[in-house]
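Here's the structure, in structure tokens; my notes come after.
The values are calculated or read from the model by the stated rules, or taken from the named source; none is laboratory data. Please read these numbers as outputs of a predicted model, since none were measured by experiment. Every residue, glycine as well, gets a Cβ built from its backbone with ideal geometry; the counts of neighbours run over all protein chains shown.
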Amino acid sequence: MRVAIVFAFTFFLYGINPALGQSDFPFFEETNSLPKNLLNDRSVVFMNVKNLDWEVQANIIHKYFKEEGVDAVAYYALSDILSGHDATNSFYQDINSRSIDNLIIVHQTNSGYSLFIAQIPDDGNFFKKGMPAYQLMAPGLKELGISFTNRLEQSDLDRNNFLIIDVPEVFKRTNVIKSRRVESFNADIRIDKLAVPMFQESVMMTENVENANQQLDSIMKEHYPFRYGLVRPNITDEEMIAQGYLMVLRKLENNGESLKRMLGYQLSDDETIYISVRKGPLGKVSKFSKGETVHKYYVQQLYTKDIYLGPEWDADTTWQKALINHAENIKEALKDK
């Protein structure tokens, strides 16, 4: 049995909006066939619902999976999986030791819930254009479970999964940073050229790539005071080092609470608003709810893999604003050093 690789289709994503419908997943091609090994091998479930406490919905749907023989061994938030380069790599490492063959997405829309079931592609990518997926829709999660039960009972799939856990194994508190994290800036960035990965066409991209890359270069030229170079989005760390880069600009996108958790910040249940700070002549202070989708930039050292977050939480609601925040904070922090 092969090991499924969970890999985001692109490093720069513009998010999954749970208020939208099936068009959120244009990479799927609808099929009437369930994966033949669905009741024999393991599956991973990605939850894409409106509630930050999505384990409630996971418990509901898991009951139907267990009854029918779907061995759903792990549950993740889809927004966590697709939030960025380091997150994707971290989640891959976390599940790489498991033999997982199928993926299931539970997706909430304004009118109900959708279920997508597919076999993970053999080429190592989580998403692949045109990948076949079985789809179900229902007005509620319990109705979705009942529809799923009826569909399986009408199928001719052989079942070998019997030892299935009673409650879902939820991975909600994962820190994606495996190396050293520093809440400051590396002064070497004043002399080391920074690699800035460009945007690329992808099934998740919602804006024109050429325009986005032009904006990316323009913002860096205007706000970043040191040397940088645009690099292709799928470049490896080794290739960047070979080209003379020692640091790379990274970005994650998710709700604020998840981003802080993934980046190793201390969280408080009483904190519902996060303060974002941009210093310098263009300084400003912004406030965002912990459930609001934001972007956060940081710099990674390519040799050590250490990440430099900066002393301020400088996330913002668009990648453009977040990039300006981070670049201006770097400029202000290192201007006299």
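Restricting attention to the range 292-310, which residues are in contact with a Lys or Arg (Cβ under 9 Å, 6 or more places away or on another chain) and either part of a loop (DSSP other than H, G, I, E, B) or acidic (Asp, Glu) (or both)?
Thr304, Lys305, Asp306, Leu309
Of everything in the range 146-157, what is surrounded by 11 or more Cβ atoms within 10 Å (Cβ to Cβ) and either among the acidic types (Asp, Glu) or assigned to a loop (DSSP other than H, G, I, E, B) (or both)? Give them in sequence order.
Ser155, Leu157
Pick from the range 28-47 the residues that are β-branched (Val, Ile, Thr) and in contact with a Pro (Cβ under 8 Å, 6 or more places away or on another chain): which of them is modelled with the lowest pLDDT? Break it down stepwise before answering.
Filtering the range 28-47 for residues β-branched (Val, Ile, Thr) gives 31, 44-45.
Filter again for in contact with a Pro (Cβ under 8 Å, 6 or more places away or on another chain), leaving 31, 45.
Working: Thr31: 90, Val45: 95.
Result: Thr31.
Identify the residue in the range 248-274 that is aliphatic (A, V, I, L, M) and closer than 20 Å to Ser83 by Cα and, among all such residues, is nearest to the chain's Cα centre (by Cα).
Of the residues in the range 248-274, the ones aliphatic (A, V, I, L, M) are 248-249, 252, 259, 262-263, 267, 273.
After this cut, where a residue has to be closer than 20 Å to Ser83 by Cα as well, the list is 248-249, 252, 259, 262-263, 267.
Numbers: Val248: 19, Leu249: 17, Leu252: 7, Leu259: 10, Met262: 10, Leu263: 13, Leu267: 20 Å.
Checked the range 248-274; the qualifying residue nearest to the chain's Cα centre (by Cα) is Leu252.
His326 versus (1) part of a helix (DSSP H, G or I); (2) farther than 30 Å from Arg227 by Cβ: which is the lone unmet condition?
With (1) part of a helix (DSSP H, G or I); (2) farther than 30 Å from Arg227 by Cβ applied to His326, the lone miss is (2).
Failed condition for Thr236, given (1) more than 21 Å from His295 (Cβ to Cβ); (2) in contact (Cβ under 8 Å) with a residue 24 or more places away in the chain, with all others met?
(2)
I'm trying to understand the selection: among the residues of the range 280-337, which are surrounded by fewer than 21 Cβ atoms within 10 Å (Cβ to Cβ), among the small types (Gly, Ala, Ser), touching an Asp or Glu at 6+ places or on another chain (Cβ under 7 Å) and at pLDDT 95 or above?
Matches in the range 280-337: Ser286 only.
Would you be able to say whether some residue in the range 164-176 is outside any loop (DSSP other than H, G, I, E, B) and not assigned by TED's automatic domain parsing to the domain that holds Phe65? First the steps, then the outcome.
Restricting attention to the range 164-176, the residues satisfying the condition of being outside any loop (DSSP other than H, G, I, E, B) are 170.
Next, from what is left, pick out any that are not assigned by TED's automatic domain parsing to the domain that holds Phe65: 170.
Yes; the residues of the range 164-176 include at least one that is outside any loop (DSSP other than H, G, I, E, B) and not assigned by TED's automatic domain parsing to the domain that holds Phe65.
Filtering the range 159-217 down to residues that are among the small types (Gly, Ala, Ser) and modelled with pLDDT under 90, which residue is surrounded by the most Cβ atoms within 10 Å (Cβ to Cβ)? Steps first, answer last, please.
Our first condition is that a residue be among the small types (Gly, Ala, Ser); within the range 159-217, this holds for 179, 184, 187, 195, 202, 212.
Cutting the leftovers down to modelled with pLDDT under 90 gives us 179, 202.
Numbers: Ser179: 12, Ser202: 19.
Ranking the candidates gives Ser202 first.
If the Cβ limit is 9 Å and pairs must be 6+ apart or interchain, which residue in the range 153-173 that is closer than 30 Å to Ala87 by Cβ and of a type in the set (D, E, K, R) pairs with which residue that is modelled with pLDDT of 90 or more and assigned to a loop (DSSP other than H, G, I, E, B)?
Qualifying pairs under 9 Å: Lys172/Trp54.
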